[in-house]
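The values are calculated or read from the model by the stated rules, or taken from the named source; none is laboratory data. Being a predicted model, the structure only gives us computed values, none of them experimental. Because the Cβ atoms are built from the backbone with ideal geometry, glycine has one as well, and the counts that use them run over all protein chains shown.
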2 protein chains.
Amino acid sequence: MGKPTMINILGSLLLFCSVSLANQEIDRVIYLPGQPENVNFAHYSGYVTVNKSAGRALFYWFIESPSNPESKPLVLWLNGGPGCSSIAYGAAEEIGPFRINPNGKTLYMNPYAWNKRTAVANLLFLESPAGVGFSYSNTSSDLYTAGDSKTAEDSYRFLQRWFNRFPQYKYRDFYIAGESYAGHYVPQLSQLIHRRNEGIANPVMKFKGFMVGNGVTDVYYDLIGTFEYWWTRGLISDSTYKRLNDSCPESSIRASACKKALDVAKSEIGNIDPYSIYTHPCNTTGEIWRNVRAHYVSDQMFLSEALPWLKRAYDPCTQRYSREYFNLPEVQKALHANKTNIPYPWDICSDIVEYNWVDSQRSMLPIYQELIEAGLRIWVYSGDTDAVVPVTATRYSLGALKLPAVTKWYPWYDKEKVGGWSEVYKGLTFVTIRGSGHEVPLHRLRQAFILFNHFLNNKPMPRKTLNVQMVQSS
Amino acid sequence: MGKPTMINILGSLLLFCSVSLANQEIDRVIYLPGQPENVNFAHYSGYVTVNKSAGRALFYWFIESPSNPESKPLVLWLNGGPGCSSIAYGAAEEIGPFRINPNGKTLYMNPYAWNKRTAVANLLFLESPAGVGFSYSNTSSDLYTAGDSKTAEDSYRFLQRWFNRFPQYKYRDFYIAGESYAGHYVPQLSQLIHRRNEGIANPVMKFKGFMVGNGVTDVYYDLIGTFEYWWTRGLISDSTYKRLNDSCPESSIRASACKKALDVAKSEIGNIDPYSIYTHPCNTTGEIWRNVRAHYVSDQMFLSEALPWLKRAYDPCTQRYSREYFNLPEVQKALHANKTNIPYPWDICSDIVEYNWVDSQRSMLPIYQELIEAGLRIWVYSGDTDAVVPVTATRYSLGALKLPAVTKWYPWYDKEKVGGWSEVYKGLTFVTIRGSGHEVPLHRLRQAFILFNHFLNNKPMPRKTLNVQMVQSS
């Protein structure tokens, strides 16, 4: 073969592009069973193989913005667990355009979907790691060896190949967002992308920053803050508060004294929804206690026996609808999902993946430091009525970064009502959402939408002076 | 005059009784303007002179139980401020049978009124001290010299004379309850009654115990707990939290550093309803900032300039209806109120009384200790979404009593839902009400009613095991 000519190069590129475009066209979702009439955006779903020899493939659902998707950024959304599906949570009950009706068969539109309205984004949902949702591995041991590192590596590999399938998104502004145990996934994947982009002038993944909500961040500070949250809400006794603080944060949460203290705490707290402490659980309260899983998986162990509800986020009702809908054969066909006949039903979370999690970094704070220094846009938010990864946990974790305040703590407003509070630190913006549980876009649709827009536009949350009447009468 | 004969004595007693009964008959409320149809209980209102030479008279509203009032205990209810009316709060928007419609002219029945249903009580509302509501003094300096001591003394005098007007309530089981700054009034009056009853075999006031809700208790512990509440709810910044703790609890809240820190806190908190932090204020949010008053009046000074909302309880809408209704001449006439043409309109709270408050005990804890030792029934409760006298404040204050736990912290249930939490200490029962603001019977009618019944029956709050389905699925 001689030197490549310009004609050769262009030809190859065209061939490559048409193959890519053909591949993405295969993934296009033509019609989703039970969908409402006003679907005015393109969406795609399918598999990206991340390890051919192991037969490991991750399932994604990609939803474009209805207007000018080519001018809008790309946002990858991740849910936590570990072991929980971003389709079940992010797409179906939080930020995605479709919500499932209680019949488990039909859909309706989310008025505050993050792909819609003004200035928003194209949304990529990923079920990660293999073993979660429709994502699978033909090497069954993969499901028993998942952990932080492999999740980040597989997600990175997924992104590389996904960008090849959707080349029109290469060099597009790219963000990552997620909640709960994705408090690990999001910074870890961000760090990987950032490091591998270093030295490249115009990287394919034009990574701009990330946002984490009610995220697991640092075992020590999160625990201190969680116990204080429980005590200050009156969920636990004085003596149990002391026992928890004496036995858990400094030692391993697996230590017997800590486990016992957590058992007492559990019985004191009783049958509330810890993800949203002032609302009532769905009728079938049994759901709350099912499919237990853990957020604090440091030291390769699990809290689930000790504290079965210290778990992933959910709405006990909507998750039921999801379980029904995404197991309908016609839905799976429409989504190009489960082509290999996975030997278990699709579920919102995988117990196997979670219970066998092999590595969990104790702290994300060094990653925050690295990526703040790199100048990435970093926002952290917290729904403030969540007792699982509570606002106090996040405050203590972020406090340990000792970032100077640029704009001091202030209430942010929506329609003259306090939506929550915010402080802009050097390199990081923190936002709380008042009265919201763990899944902020589920509990506070409109406020979450405002938050997302301000994150994308890198604008501090809206500050409002009191209206005239109030100032006059005070 | 010779020795009194038995006939003479009996005659005098009968005369005395008929005079008393005639006096109470004068106070009977025949018809209240705009009242609903189903009023099936007797009620009375009017004045009791507590100091004849000064012309000081306190206004009361007494509401009997509809069924067998003669077998039910008597409960005195007090609201705080200082300077606020128990008619405005307790009677009209909390525990009384009548609630005012938004038109300010008609009434409807409160389904969970504390005088109604099973096993409840006869309710006595008192506007105290003179200068509050319809209570007045012909010696205007009285309004400028109100304080804890005089309030207790006048209330005691009121009770003595009220029992003479309603002799059928003498020797009847008698309780006192109240909220907010009545966290002072209730224990102080209880102490007075207890002390003056000592050595009397069968006292007229058969005082059995008291209950305080979201009550101001101890300046130091209350402040520590209030600041922690603000921080853990994300209402204030880390730095302001530190400033408040450094400058307020140990020193006087009037100290300039503390005042400045409170100013910063105020601006950080913004326009929320501090009495119920997760609900929205009424449309006319201006109401919230009106008629400012203070709870922490120790050292004879006032917080109001520093923190105008750290004030008495209210519902900004219902208080507007009260202001309209109780100023209607026909209502005042029906209630035998304002017979002397008080030179200012009836209002929910008196600024004059509050701003000139002359004495406020720093701590109620010594009184608690004394009355616990005396074996009185003492219950303390807390609506847990109140930022003004928050649950943490009460926990720190009660914690300082170092009472041993008899029944450890547990969730109490109503209809299989967690109503709040409770711990039974030796000599004192503490109950929280989940998701309730400052005025518990306003925010959580049913839960407050359950609480009151359990207090009267001296039964711990209902403990429920999880239902079968939940246990099985966990």
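See the values below:
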item: Answer residue from the range B:103-142, given it is part of a loop (DSSP other than H, G, I, E, B) and charged (D, E, K, R) and is surrounded by the most Cβ atoms within 10 Å (Cβ to Cβ) among those; result: B:K116
item: Residue, surrounded by the most Cβ atoms within 10 Å (Cβ to Cβ), within the range A:408-419, restricted to residues that are at the interface with another protein chain (Cβ under 8 Å from one of its Cβ atoms) and on the phi < 0 side of the Ramachandran plot; result: A:W409
item: Matching strands (runs of 3 or more DSSP E) fully within the range B:41-91 where at least 3 residues are under 16 Å from B:H336 (Cα atoms); result: B:43-51, B:56-63
item: Any hit, the range A:106-123, residues being within 18 Å of A:F59 (Cα to Cα), aromatic (F, W, Y) and touching a residue at least 60 places away in the same chain (Cβ under 8 Å); result: no
item: Residue in the range B:384-407 that is more than 14 Å from chain A (Cβ to nearest Cβ) and free of Cβ contacts under 8 Å to residues at least 40 places away in the same chain present; result: no
item: Among (1) closer than 29 Å to A:M211 by Cβ; (2) at pLDDT below 50; (3) among the aromatic types (F, W, Y) - the single one A:Y355 does not satisfy; result: (2)
item: Test set (1) surrounded by fewer than 23 Cβ atoms within 10 Å (Cβ to Cβ); (2) assigned to a loop (DSSP other than H, G, I, E, B) - A:G215 fails condition number; result: (1)
item: Considering residues of the range A:239-275 that are touching a residue at least 40 places away in the same chain (Cβ under 8 Å) and not hydrophobic (A, V, I, L, M, F, W, C) only, the residue farthest from the other protein chains (Cβ to nearest Cβ); result: A:S252
item: Enumeration of residues in the range B:19-34 that are crowded, with 16+ Cβ neighbours inside 10 Å and more than 19 Å from B:N122 (Cβ to Cβ); result: B:P33, B:G34
item: Criterion: more than 29 Å from A:I253 (Cα to Cα), within 14 Å of chain B (Cβ to nearest Cβ) and surrounded by fewer than 24 Cβ atoms within 10 Å (Cβ to Cβ) - qualifying residue of A:H443, A:H454; result: A:H443
item: Segments classed as helices (runs of 4 or more DSSP H), wholly inside the range B:362-474, with at least 1 members that are assigned by TED's automatic domain parsing to the domain that holds B:S149 and more than 20 Å from A:T232 (Cα to Cα); result: B:365-373, B:440-443, B:445-457
item: Hits in the range B:375-389 - residues which are within 14 Å of B:V440 (Cα to Cα) and among the small types (G, A, S); result: B:S382, B:G383, B:A387
item: Residues (basic (K, R) and surrounded by 22 or more Cβ atoms within 10 Å (Cβ to Cβ)) located in the range A:420-440; result: A:R434
item: Residues that are of a type in the set (A, V, I, L, M) and surrounded by 15 or more Cβ atoms within 10 Å (Cβ to Cβ), drawn from the range A:233-256; result: A:L235, A:I236, A:L244, A:I253
item: When residues of the range A:47-67 are limited to those that are over 16 Å from A:N122 (Cβ atoms) and of a type outside the set (A, V, I, L, M), the one surrounded by the most Cβ atoms within 10 Å (Cβ to Cβ); result: A:F59
item: Tally, over the range B:166-184, of residues that are assigned to a helix (DSSP H, G or I) and crowded, with 21+ Cβ neighbours inside 10 Å; result: 4
item: Near pairs, Cβ below 9 angstrom, 6+ apart or cross-chain, from the range B:162-173 (farther than 18 Å from B:A201 by Cα) to any residue that is in a helix (DSSP H, G or I) and modelled with pLDDT of 95 or more; result: B:W162/B:Y169
item: Which numbered condition B:Y221 misses (of (1) surrounded by fewer than 24 Cβ atoms within 10 Å (Cβ to Cβ); (2) over 25 Å from B:S436 (Cα atoms); (3) in contact with a helix residue (DSSP H, G or I) (Cβ under 6 Å, 6 or more places away or on another chain)); result: (2)
item: Selection within the range A:357-383 - within 14 Å of A:V186 (Cβ to Cβ) and within 14 Å of chain B (Cβ to nearest Cβ); result: A:V380, A:Y381
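Okay, residues lined up against (1) surrounded by fewer than 22 Cβ atoms within 10 Å (Cβ to Cβ); (2) touching a residue at least 24 places away in the same chain (Cβ under 8 Å):
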{"residue": "B:T340", "(1), (2)": "yes, yes"}
{"residue": "B:Y344", "(1), (2)": "yes, no"}
{"residue": "B:S363", "(1), (2)": "yes, yes"}
{"residue": "B:P366", "(1), (2)": "yes, no"}
{"residue": "B:W379", "(1), (2)": "no, yes"}
